[in-house]
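First up is the structure itself, then whatever we jot down about it.
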Amino acid sequence: MTTFANSLPLNMPLGRAMGAMVLALVAGFALLGPVLVPGDPFAQSLMKSLAGPDAGAPFGYDHLGRSLWHRLAHALRLSPAIALAAVATAGAAGLILGTLAAARGGWVERLLVILADALMALPGLLLVLIVLAIMPGTALGFWAGLSLVLWVEFFRLTRAATRATLTSPAVQASRLLGFRAAYVFRTHLWPEIAPLMLTAAAFGTATTIMGIAALGFVSVGMRAPTPELGLMMVELLPYWREAPMALLTPVLATFTLLLGLTLLAGGQKQ
Amino acid sequence: MNILISRLAQAATVALLVGAATFAMMRSLPGDAAWRIAAGRYGYDNVNTAAADAVREELGLGGHWFPAFMQWMGDLLRFDFGVSLVSGQPVIAEIGHQLGASLWLALAAIGLSLLIGPPLGILAGLRAGGWLDRGLLVVSTGVKAIPQFLMALILILILSVQLGWLPAAGYGAGRHFILPALALALGLAAVNARIARDAMASIAAMPFYQFAQWKGLSRRQVLWRHGLRNVSVPLLTYLGLQFVMLVEGVVVIESIVGWPGIGHALVHAVFARDVPMVQGTALMLGLGFVLVNALIDLAVARIDPRGAR
């Protein structure tokens, strides 16, 4: 896009490293938190409603006396897991279809481009809501709906990069020498596409996590007892004056997670 | 001309997709749609089998899917969205009523974001690497990591609950606009500012820009005559793409502050399985995106004739 030459200190390597570190911290908490302090995210104890931290619950308790430590750890497993599954599916689909479109051209390409353009015109959350209404199971519906929304971006990136690379002298020489499509893809196309895919994957994961949290917050996403970031916020919102820390816990966790992903994406490209 | 034809193809595909998706939704909803719709009409306490059967009879919910699909798409192509299953009002009338509220909110958000983002971005881009540039990068990265609903939550807690300056929710007076528009605008501005900054930095480094300064124009004149028009091209293009993000934001924010707009209606329609309303709103939003981007294509071609093919 633009010159990176006069760009900034927080840029590529340092920003990415910071992002990866933040994400590692969050993942470490989500995976190891419940191991370090054993407990149940669903166990209620109304005696401890909104109580402060203690040995069994280092982050205190929510309005129903459930341990915020364990609820948060499970919430931080759920959304990223859905997000990673959706991004992996969408990335694979986008990569295959994008390469196919650029390599084949003709009607295949035209149809795929028209489909992608049309999907891009529809708000992602709307598609997710419709798929959620059709599919049984909320997590499955989120995965399917989000994959449907996300593949377009991967498709567009792959197609653009592949088209430019396929006309390059290197690829033409490679083809003249008789190398197969698989070899051309591995040596010429993939190195061009891979860095783009990483950025797009980080942005896609962030968008997905935001979407799941936003739908949870307006009560059309995950259902009540499930620990989910947006849902936790809306549950704790009425008690923000009595227990501001309880509300801040999921808020800060969401912010940290998204900040890590934004930094990992490299900040600059859209 | 080419631009318009490809946009028309896009609009047609959008209509087809929305039609197919909402038809699939109508058909494959788990549970008895007739019961759900009857519950939406008469309230959950007043539904019985007779009411559900009456709804099934009235809406023709039995039968084979193919003729129903053809009829469905035929109605769609004639812009006959039918009546809302819940309120019984024509969908067109309901949407016309709600679209206005959303449109004003979206326009306020865009206007506000353009007041905040690009000026900061241009100032930062004129001195790439300066303290404003670095500060802006940190702030915009941080703001981008805050989802819009969270931004609304933070603003509500600070501005209306703690300070008591603005109403937390509601619709009608001008002061109700400020909070939701600001919540949307800050997220947009964070990205706007980066786009403007990158564009400005690359243009300020170009030979023609430096020549304009060498020949003795003041900084202000150079920016005004040679800078802004070039910066506006990527900014406008991006604004068109952001429209979808804005619409998503509007859907969520409207639900939070109780804004009687199209997003609020959409969430309720999905809840009550009011498929004609879902179809109407989805189609309206999709075609809106195509229209906005077609206009932006034309405007960009006007501002920057070099790209015309």
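The values are calculated or read from the model by the stated rules, or taken from the named source; none is laboratory data. Please read these numbers as outputs of a predicted model, since none were measured by experiment. Please note: Cβ atoms are built from the backbone with ideal geometry, for glycine as well, and neighbour counts cover all protein chains shown.
Name, by its number, the condition in (1) buried (at least 19 other Cβ atoms within 10 Å of the Cβ); (2) within 25 Å of B:Ile156 (Cα to Cα); (3) touching a Pro at 6+ places or on another chain (Cβ under 9 Å); (4) not small (Gly, Ala, Ser) that does not hold for A:Thr205.
Against the list (1) buried (at least 19 other Cβ atoms within 10 Å of the Cβ); (2) within 25 Å of B:Ile156 (Cα to Cα); (3) touching a Pro at 6+ places or on another chain (Cβ under 9 Å); (4) not small (Gly, Ala, Ser), A:Thr205 comes up short only on (2).
Test A:Met245 against the stated conditions and say whether it is over 21 Å from B:Ile256 (Cα atoms) and more than 7 Å from every other protein chain (Cβ to nearest Cβ). Step through it out loud before you land on a result.
Numbers: over 21 Å from B:Ile256 (Cα atoms): yes; more than 7 Å from every other protein chain (Cβ to nearest Cβ): yes.
In short, yes.
Checking the conditions here, which among B:Met245, B:Met200 is among the hydrophobic types (A, V, I, L, M, F, W, C), under 17 Å from the mean Cα position of the chain (by Cα) and either surrounded by 15 or more Cβ atoms within 10 Å (Cβ to Cβ) or part of a helix (DSSP H, G or I) (or both)? Step through it out loud before you land on a result.
Numbers: B:Met200 fails: under 17 Å from the mean Cα position of the chain (by Cα).
Of the residues listed, the single one that is among the hydrophobic types (A, V, I, L, M, F, W, C), under 17 Å from the mean Cα position of the chain (by Cα) and either surrounded by 15 or more Cβ atoms within 10 Å (Cβ to Cβ) or part of a helix (DSSP H, G or I) (or both) is B:Met245.
For a quick check of your reading of the model, give me the residue pairs whose first member lies in the range A:128-148 and is away from chain B (no Cβ under 12 Å) and without any contact (Cβ under 8 Å) to a residue 24 or more places away in the chain, whose second is in a loop (DSSP other than H, G, I, E, B) and small (Gly, Ala, Ser), with beta-carbon atoms closer than 6 Å and at least 6 apart or on different chains.
Close Cβ pairs satisfying both conditions: none exist.
State all residues of the range B:272-286 that are facing chain A (nearest Cβ under 9 Å) and either farther than 20 Å from A:Val220 by Cα or in contact with a His (Cβ under 9 Å, 6 or more places away or on another chain) (or both); if no residue qualifies, say none.
Of everything in the range B:272-286, just one residue is facing chain A (nearest Cβ under 9 Å) and either farther than 20 Å from A:Val220 by Cα or in contact with a His (Cβ under 9 Å, 6 or more places away or on another chain) (or both), namely B:Gly286.
Looking only at residues that are at the interface with chain A (Cβ under 9 Å from one of its Cβ atoms), among the aliphatic types (A, V, I, L, M) and closer than 21 Å to A:Pro238 by Cβ in the range B:248-271, which one is surrounded by the most Cβ atoms within 10 Å (Cβ to Cβ)?
Per the stated criteria, the residue is B:Val252.
Mind listing whichever residues of the range B:7-54 are at pLDDT below 80, within 11 Å of chain A (Cβ to nearest Cβ) and either within 30 Å of B:Ala301 (Cα to Cα) or loosely packed, with under 14 Cβ neighbours inside 10 Å (or both)?
B:Ser28, B:Pro30, B:Gly31
Count, please, the residues in the range A:102-127 that happen to be more than 9 Å from chain B (Cβ to nearest Cβ) and in contact (Cβ under 8 Å) with a residue 60 or more places away in the chain.
So the count comes out to 2.
Tell me which residues, restricted to the range A:184-222, are over 25 Å from B:Glu248 (Cα atoms) and polar (S, T, N, Q).
A:Thr187
With A:Val149, A:Val113 as the choices, which residue is crowded, with 20+ Cβ neighbours inside 10 Å and not small (Gly, Ala, Ser)?
Exactly one residue qualifies, and that residue is A:Val149.
Would you tally the residues in the range B:154-167 being modelled with pLDDT of 80 or more and either touching a helix residue (DSSP H, G or I) at 6+ places or on another chain (Cβ under 7 Å) or charged (D, E, K, R) (or both)?
Of the residues in that region, 2 qualify.
Can B:Leu179 be described as modelled with pLDDT of 85 or more and assigned to a helix (DSSP H, G or I)?
For B:Leu179, the condition - modelled with pLDDT of 85 or more and assigned to a helix (DSSP H, G or I) - is not met.
Could you tell me whether B:Leu112 is surrounded by fewer than 18 Cβ atoms within 10 Å (Cβ to Cβ) and either assigned to a helix (DSSP H, G or I) or among the acidic types (Asp, Glu) (or both)?
When the stated conditions are applied, B:Leu112 does not pass them.
Does B:Gln210 count as within 14 Å of another protein chain (Cβ to nearest Cβ), more than 17 Å from the chain's Cα centre (by Cα) and in a helix (DSSP H, G or I)? Spell out how you get there, then give the answer.
Numbers: within 14 Å of another protein chain (Cβ to nearest Cβ): yes; more than 17 Å from the chain's Cα centre (by Cα): yes; in a helix (DSSP H, G or I): yes.
Criteria met by B:Gln210.
Please count how many residues of the range A:214-233 are of a type in the set (Val, Ile, Thr) and within 9 Å of chain B (Cβ to nearest Cβ). Steps first, please.
Initially, the range A:214-233 is screened for residues of a type in the set (Val, Ile, Thr), giving A:218, A:220, A:226.
Filter once more, so that each one left must be within 9 Å of chain B (Cβ to nearest Cβ): A:218, A:220.
Going through the range A:214-233 one residue at a time, the tally reaches 2.
Restricting to the range B:130-143, name every residue that is crowded, with 22+ Cβ neighbours inside 10 Å and either among the charged types (D, E, K, R) or touching a Lys or Arg at 6+ places or on another chain (Cβ under 6 Å) (or both). Spell out how you get there, then give the answer.
Within the range B:130-143, the first condition is being crowded, with 22+ Cβ neighbours inside 10 Å, and the residues that meet it are B:133, B:136-137, B:140.
Answer for the range B:130-143, where residues must be crowded, with 22+ Cβ neighbours inside 10 Å and either among the charged types (D, E, K, R) or touching a Lys or Arg at 6+ places or on another chain (Cβ under 6 Å) (or both): B:Asp133, B:Ser140.
Checking A:Thr167 against (1) within 14 Å of chain B (Cβ to nearest Cβ); (2) among the β-branched types (Val, Ile, Thr); (3) surrounded by fewer than 22 Cβ atoms within 10 Å (Cβ to Cβ), which test does it fail?
Of the numbered conditions (1) within 14 Å of chain B (Cβ to nearest Cβ); (2) among the β-branched types (Val, Ile, Thr); (3) surrounded by fewer than 22 Cβ atoms within 10 Å (Cβ to Cβ), the odd one out for A:Thr167 is (1).
Could you list all residues from the range B:292-309 that are closer than 26 Å to B:Val251 by Cα and more than 10 Å from chain A (Cβ to nearest Cβ)?
Of everything in the range B:292-309, those that are closer than 26 Å to B:Val251 by Cα and more than 10 Å from chain A (Cβ to nearest Cβ) turn out to be B:Ala294, B:Leu295, B:Ile296, B:Asp297.
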